[in-house]
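Structure first, commentary second.
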Amino acid sequence: MLRCLLLLTFGLGVYSQLHAQPAPDTTRLLEEVTVRAFESNRAAREVPAAIALLSPADMQRFSNATLVQAVNTVSGVRMEERSPGSYRLSIRGSTLRSPFGVRNVKMYWNELPFTDPSGNSYLNMLDPAALHHLEIIKGPGSSLYGAGTGGVLLLRSEHPRNERGLGLGYLGGSYGQQNWQVAYREGGDRSSHQIQYLHQQNDGYRTQSRMVRDMINSTFRFETSDRQVLETSILYGDLYYQTPGGLTEAEMLEDPRQARPATSLPSAVAQQAAVASRFFFAGITHQYRFDRWQNRTSVYGNLVNFENAAIRNYERRVEQSFGGRTVTEVPLTLGQARVSLTGGGEFQSGFSPVKVYENLGGQTGILQSDNEVRIWNYSVFGQAEVFWRKWTATAGASLNGLTYSIQTLSSVPALIQERKFSPVVSPRLATLYSVNDFVSLYAQASYGFSPPTVAEILPSTGQLNTSLNPETGLNMETGIKGAWLNKQLTLEAAVYYFRLDETIVVRRDSSGADYFVNAGSTDQRGLELMASFEPAPRPRRVSWKIWSSVTLNRYFFRDYIKLTDDYSGNRLTGVPNEVILAGLDFATATGLYLNLVANYTSSLPLNDSNLDFADSFLLLSARAGYKRKIGTHQADLFVGGDNLLDELYSLGNDLNAAGGRFFNPAAGRTFYAGVNLHFNAKAN
């Protein structure tokens, strides 16, 4: 596979060099996609890394209710939803470390650290309507974004310019799905403000899978001078979702809509299994441009009240964290070369009392454990980029440290356990060659370090595991980014090898409680392709675009022995070998549009022993609508459907589950309809 992509990369590069394109037709001059990844702030084609950008158009192919389908159109990325509101995410990896929630993926919202000090990211608190676009960095981003091997997600809200308006939206669909949106936006030449209220509720496909979320989001951006910008971001979310629990294959085939039935433990319904959390996040970013350099500094605070009524216990915790990030950029000129130097640091601190009780039908019973968790982490980083003729060379590195302390108050006397991870250097080297103005070739090597999260050290079993070691990984890749036929045809391809040591995997005891162990090393080889063809639109004619993304994974345990069982050579748990998507976007000059998407996912192993597999599935979704602009106002009426082939599948399996309870069946054929209205007036 590596040889094939190298030949493809070389062949396309030679072709592009020999057949240099003429200047693009002015009727087809498309805006270059600019990304912020690795502090680049330039066209994605000019950045030597695998970066995907999800634009508003990409997200609007699907229902407003979830990000899952839009994110899954990106090659190498897999987002899961075990039940409404319960997200998991992996980038070039597995969800082995994520029985629930998003871990080992660093997230930033409007330049603010959104991943908390414990390593958890509350992505399910963000309504899709609160996001304008997403950037996904594949592979370790430790050289600039702190500890982590699972990639980086950069989330951005919209900043309106020269407009003032009110947005209203409603969506209703199968299984009690309802979404309400109210947003006020105002933007001028030097300032912008947006405030949104978003409500979502869903009765759920399965028993015990109801979800309700309310969210208020406000962003403000003000240019106090030609040199200085202030930006604030505030988010409050109130989320409740029920957790129906995993089923065996026989139970899923008998009735996929049932919740986990009673066994030696009570049923999910009897225990009222659910998660309730209230989330408040506030941050401010200050940017100042000096004569020759600029600095951007952000600080934030976060408060989370979290309750989890699980089948075996009831957990309550209050998470309090704060932190900051500062980045300084200095441009230089050395002879014929341009140089960009970037340096800075990030610091986070968190404190969380964690109490675990007996679960008495959804109410707290006898206190089982009482812990106080304190955590500190930091990252100091630097990067140099050299631009010379058609070449770009990048060298970066970070120094990452982490300390946590857990005081067990339920012990007599109180027990204090502390673990300090030695500082780790995470370097990254990359180079890019611009064949011409439309095609570039790149290669990079990066090293990542991912310490265990607090949820892995103190899992749902309630047993501390201070001996869990960090994961370390080395990623090497090469790729091509190009556009042909006056940018009508675009292609991105990457091939990589990722060696992960001290791989952290989840296990479950007979009660379904999670615990984690280190599982030797893994070899992860992958090929990713994303391509699209969009003919130049003609006046008063239809426009259309066909696109596809392909992910080929060959992930194996390299060295993994569990007691007397040798799993070396087995496929990595929870990773499909192939994921292939294809789509059609169609629009007319009158405002009618249609989006069709097909998603094929191959079978995947459900346990480390590779004795059980989830079947492959093919999903088909469609959205059709009518957009109309009346003066400065806009309307969008739409209908759509998901899983139109009515496949029985599980989108979010419980890996290594005891008793074969792997499956969380996703909804069957579903439909929705809605309207989005924007009443706009020119800002004064």
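Read-outs throughout are calculated quantities, based only on the coordinates presented, and are distinct from any laboratory measurement. These numbers were taken from a predicted model, which means no experiment stands behind them. Glycine gets a Cβ as well: all are built from the backbone with ideal geometry, and neighbour counts include every protein chain shown.
What residues have an amide H closer than 5 Å to that of Val102, excluding those fewer than 5 places away on the same chain, when H is modeled at 1.01 Å from N in the peptide plane?
Those lying under 5 Å, H to H, from Val102 are Ser121, Leu123.
Taking Cα pairs under 8 Å and at least six residues apart, what relative contact order does the chain come out at, in percent?
Details: 1988 pairs, mean separation 86.0, N = 684.
Relative contact order comes out at 13 percent.
What is the stretch 211-262's relative contact order, in percent, from Cα pairs under 8 angstrom and six or more apart in sequence?
Values: 55 pairs, mean separation 17.1, N = 52.
So the answer I get is 33 percent.
In the stretch 107-181, what is the volume of the convex hull around the alpha carbon atoms, normalised per residue and reported in Å³? Walk me through the numbers before you get to the answer.
Numbers: hull volume 10.1 nm³, N = 75.
For the stretch 107-181, the hull spanned by Cα atoms encloses 134 Å³ per residue.
Percentage of Cα-Cα pair distances in the stretch 300-369 greater than 18 Å, rounded to whole percent?
For the stretch 300-369, the share of Cα pairs beyond 18 Å comes to 61 percent.
Convex hull volume of the Cα atoms in the stretch 380-473, per residue, in Å³? List each step's numbers first, then the result.
Numbers: hull volume 11.2 nm³, N = 94.
It comes to 120 Å³ per residue, whole-number rounded.
In the stretch 393-418, which residues have a backbone nitrogen under 12 Å from the label point lying 7 Å from Val425's Cα in the Cα-to-Cβ direction?
Taking a point 7 Å out along Cα→Cβ of Val425, the residues of the stretch 393-418 whose backbone N falls under 12 Å are 396-400.
Residue by residue, what Karplus-based ³J(HN,Hα) values in Hz, rounded to whole numbers, does the stretch 258-271 have, using 6.51, -1.76 and 1.60 with θ = phi - 60° and x for Gly and Pro?
With coefficients 6.51, -1.76 and 1.60, one gets 6, 7, 4, x, 5, 10, 6, 10, x, 6, 4, 5, 4, 8 Hz.
Which values of log₁₀ I(q)/I(0), to two decimal places, follow from the Debye formula for the stretch 420-561 at q = 0.10, 0.19 Å⁻¹ with a uniform point scatterer at every Cα?
Each listed q maps to, in turn, -0.56, -1.12.
With the Cα gyration tensor of the stretch 333-408 in hand, give its eigenvalues times 5 under a square root as the equivalent ellipsoid semi-axes, listed largest first in whole angstrom.
Rounded to whole Å, the semi-axes are 51, 13, 7.
If amide H atoms are built 1.01 Å from N in the plane of the peptide, which residues on other chains or at least 5 residues away come under 5 Å of the amide H of Val33?
Under 5 Å from the amide H of Val33 lie the amide H atoms of Ala44, each far enough along the sequence or on another chain.
With θ taken as phi - 60° and the coefficients 6.51, -1.76 and 1.60, list the Karplus ³J(HN,Hα) couplings across the stretch 583-596 in order, rounded to whole Hz; mark glycine and proline as x.
x, 10, 10, 9, 8, 10, 5, 7, x, 6, 8, 8, 10, 10
What's the longest uninterrupted piece of the chain once you rule out the trypsin sites (Lys or Arg not before Pro) that are loop residues per DSSP with at most 14 other Cβ within 10 Å?
On the way: sites that count: Arg161, Arg190, Arg227, Arg292, Arg389, Lys390, Arg540, Arg541, Arg669, Lys682.
The reported range is 1-160.
Can you pull the three principal axis extents for the Cα set of the stretch 52-189, in Å, largest first?
Answer, in whole Å and largest first: 43, 42, 27 Å.
5 Å is the cut-off here: which amide hydrogens, built 1.01 Å from N in the peptide plane, fall below it relative to Ser157, excluding neighbours closer than 5 in sequence?
Those lying under 5 Å, H to H, from Ser157 are Asn110, His132.
Pairwise over distinct Cα atoms, reciprocal of the mean inverse distance: report the Kirkwood radius of the stretch 245-288 in Å, one decimal place.
Values: mean 1/r = 0.0720 Å⁻¹.
Evaluated over the stretch 245-288, this radius sits at 13.9 Å.
Fully extended, how many nm does the chain gain between Phe220 and Ala582 (0.36 nm per residue separation, minus their Cα-Cα distance)? Mind showing how you got there, number by number?
On the way: separation 362, 0.36 × 362 = 130.32 nm, distance 3.78 nm.
Going from the current span to full extension adds 126.5 nm.
Extent of the chain along each principal axis, from alpha carbon coordinates, in Å, largest to smallest?
Result for the chain: principal-axis Cα extents of 73, 54, 52 Å.
Which whole-Hz ³J(HN,Hα) couplings does the stretch 611-617 yield from phi under the Karplus relation 6.51 cos²θ - 1.76 cosθ + 1.60, θ = phi - 60°, glycine and proline marked x?
For the stretch 611-617, the Karplus-derived couplings read 8, 10, 10, 8, 5, 5, 8 Hz, x marking Gly and Pro.
Can you report the principal axis dimensions of the stretch 525-668 using only the alpha carbons, biggest first, rounded to whole angstrom?
Result for the stretch 525-668: principal-axis Cα extents of 72, 29, 26 Å.
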